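Trainee: For reference, the structure I am asking about is given below.
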Amino acid sequence: MEAALRILGDGLSIAALAIIASTAQTAWKRIPDGTRIPMQWGADGKPTWRVSKAVGLLAIPILAIVILLSFTLTQLTFTAEGVGAVIVLCVRSILAAALALSQLVHLRKVMETLRDDGDS
């Protein structure tokens, strides 16, 4: 059972990373070089700080890789048994979904802001 849960967790992590990478790549192609990417918005809906294109579009993908691969690199997925293996799968699934969703929401807001600014 633990092997099946580990494989399922790996599959969900790979799917989330694929979504994150493909959306980052698409945004990279659409956003002109030199554009500053908004990272946070104030209550008024205006960006409070911006970063370079590389940092803005690669922050979530790199963070996602580190977080999702940490389960495998620490051997946690290979040592968890029984209920522990189910808990590890649940945590991996929630993290994978949350990271993919945060990428989608962030890029949607970035594209809206850049469109409103006339940068994209």
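The values are calculated or read from the model by the stated rules, or taken from the named source; none is laboratory data. All values reported here derive from a predicted model rather than from experimental measurement. No Cβ is skipped: glycine too gets one built from the backbone with ideal geometry, and neighbour counts run over all protein chains shown.
Trainee: Of (1) more than 21 Å from residue 108 (Cα to Cα); (2) touching a residue at least 12 places away in the same chain (Cβ under 8 Å), residue 3 satisfies all except one. Which?
Mentor: Only one criterion is unmet by residue 3, namely (2).
Trainee: May I ask you to list the residues in the stretch 64-94 that are under 14 Å from residue 11 (Cα atoms) and of a type outside the set (A, V, I, L, M, F, W, C)?
Mentor: Result: 72, 77, 92, 93.
Trainee: Which one of these is in contact with a helix residue (DSSP H, G or I) (Cβ under 7 Å, 6 or more places away or on another chain) and of a type in the set (Gly, Ala, Ser): 27, 43? Reasoning before the result, please.
Mentor: Values: 43 fails: in contact with a helix residue (DSSP H, G or I) (Cβ under 7 Å, 6 or more places away or on another chain).
Just one listed residue meets the conditions, 27.
Trainee: For the stretch 68-84, how many residues are at pLDDT 90 or above and either surrounded by 17 or more Cβ atoms within 10 Å (Cβ to Cβ) or of a type in the set (Lys, Arg) (or both)?
Mentor: Residues flagged as at pLDDT 90 or above and either surrounded by 17 or more Cβ atoms within 10 Å (Cβ to Cβ) or of a type in the set (Lys, Arg) (or both) within the stretch 68-84 amount to 1.
Trainee: From the list 60, 65, 37, 20, which one is over 15 Å from residue 107 (Cα atoms) and surrounded by 14 or more Cβ atoms within 10 Å (Cβ to Cβ)? Break it down into steps so the answer makes sense when it comes.
Mentor: Values: 60 fails: over 15 Å from residue 107 (Cα atoms); 37 fails: over 15 Å from residue 107 (Cα atoms); 20 fails: over 15 Å from residue 107 (Cα atoms).
Only one candidate passes the filter, namely 65.
Trainee: So, one more: Could you tell me whether the stretch 40-50 includes any residue that is of a type in the set (A, V, I, L, M) and not in a loop (DSSP other than H, G, I, E, B)?
Mentor: Here is the first cut: in the stretch 40-50, the residues of a type in the set (A, V, I, L, M) are 43.
Narrowing the set further to residues that are not in a loop (DSSP other than H, G, I, E, B) leaves none.
The answer is no; no qualifying residue exists.
Trainee: Let me ask something else. Any residue in the stretch 51-62 that is in contact (Cβ under 8 Å) with a residue 24 or more places away in the chain sitting within a Cβ distance under 8 Å of a residue that is of a type in the set (Lys, Arg) and not in a helix (DSSP H, G or I)? List the pairs, counting only those 6 or more apart or interchain.
Mentor: 53/36; 56/36; 56/50
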